[in-house]
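Please read the structure below before turning to the comments.
The values are calculated or read from the model by the stated rules, or taken from the named source; none is laboratory data. On a predicted model such as this, the values are computed, not experimentally measured, just so you know. Cβ: placed from backbone, ideal geometry, glycine included. Neighbour counts: every protein chain shown.
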Amino acid sequence: MTVSSSRRRALVIGGSRGIGAAIAQRLAVDGHDVAITHVSRPDGAQASLDAIRAHGGRALAFQADSSDADALRQAVAAAAQAFGGLDVLVVNAGLYRHTPIGSVDLPTLDQLLAVNIRGVVLAIQAALPHLSGGGRIITIGSNTAVRSGSPGSSLYAMSKAAVAALVRELALELAPSGITINNLQPGPTATDITAGLDEKLAARVPLGRIAQPAEIASLASWVAGPEAGYMTGSSLTIDGGFIL
Ligand SMILES: NC(=O)c1ccc[n+]([C@@H]2O[C@H](COP(=O)([O-])OP(=O)(O)OC[C@H]3O[C@@H](n4cnc5c(N)ncnc54)[C@H](O)[C@@H]3O)[C@@H](O)[C@H]2O)c1
């Protein structure tokens, strides 16, 4: 069944909590219907759906682990079909794993790459046939792609640097179709990933605190909006001036 609406149509991959939930909610505030994918925690997905609806947006949720290629593709297609197309794709889903190089095992390495790199490629590939001309793709990278993080972050940083390179190069392929693609690189942000580390991380931020998810969502919504139409292939770091 196709849902008709005059609002723009967005899909947030990994929109049940943290930064993704904040982006889903902010896009709803700014005039989007929003579909999200999520892996688990149906309670989290429900809270995100309620927040989208509270701001007048139609809200849909699809359970799909980004490391499951078929499930991810099906979720993107189902969201696009339900909305009758897509205007905005946000690929937010990402995993942090502490991986000192001497002890990292194959399942951990494979899962990290499957979600943080392969899942980004597959989500974009699956969404492209459904994106309107003038459509927007936004990936959520990390400032670890461009600034040193902490020992044990090398594989995560590598995965986020790969996303930045993917975005930079894909911008060339997508430009003729009028679709822009940009990458946001947050620093430490108050979500499950940083739980219990706020004070330690804040000490490395010149602005003296870590980010709130809504601050990342605000930038995402601007990039998805009409004033950002000339920007593509960019990685925007938003990290309070994070330093070693
Ligand atoms: N929190 C930070 O400090 C921080 C900093 C820089 C970048 N990031 C990036 O921001 C993004 C969101 O992270 P967060 O901090 O909100 O984390 P989080 O753990 O709170 O949320 C992760 C999100 O990704 C989804 N997700 C996780 N694994 C998934 C999988 N296998 N398949 C599908 N969805 C999956 C979850 O449903 C959730 O919506 C990630 O890409 C992360 O790398 C976070």
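Looking at the stretch 210-234, which of its residues are at pLDDT 95 or above, surrounded by fewer than 14 Cβ atoms within 10 Å (Cβ to Cβ) and not small (G, A, S)?
First, pick out the residues of the stretch 210-234 that are at pLDDT 95 or above: 210-225, 227-234.
Still in the list and also surrounded by fewer than 14 Cβ atoms within 10 Å (Cβ to Cβ): 227, 229-230.
Selection gives E227, Y230.
If only residues of the stretch 7-32 that are part of a loop (DSSP other than H, G, I, E, B) and surrounded by fewer than 24 Cβ atoms within 10 Å (Cβ to Cβ) are counted, the one that is nearest to the ligand (Cβ to nearest atom) is R17. Let me confirm something: among G84, G133, which residue is surrounded by fewer than 17 Cβ atoms within 10 Å (Cβ to Cβ), closer than 13 Å to L11 by Cα, away from the ligand (no atom under 14 Å from the Cβ) and touching a residue at least 12 places away in the same chain (Cβ under 8 Å)? G84 is the lone residue from the list that is surrounded by fewer than 17 Cβ atoms within 10 Å (Cβ to Cβ), closer than 13 Å to L11 by Cα, away from the ligand (no atom under 14 Å from the Cβ) and touching a residue at least 12 places away in the same chain (Cβ under 8 Å). Looking across the stretch 191-209, the residues that are surrounded by 13 or more Cβ atoms within 10 Å (Cβ to Cβ) and touching a residue at least 60 places away in the same chain (Cβ under 8 Å) come down to T191, I193. Among the residues of the stretch 89-116, those identified as more than 8 Å from the ligand (Cβ to nearest atom), among the β-branched types (V, I, T) and either at pLDDT below 95 or over 24 Å from W222 (Cα atoms) (or both) are T99, I101, V104, T108. Could we say that T180 is within 15 Å of the ligand (Cβ to nearest atom) and buried (at least 20 other Cβ atoms within 10 Å of the Cβ) here? Answer is no for this residue. When G119, G94, G135 are checked against the criterion of being small (G, A, S), in a helix (DSSP H, G or I) and either under 13 Å from N183 (Cα atoms) or within 19 Å of the chain's Cα centre (by Cα) (or both), G119 stands alone in meeting it.
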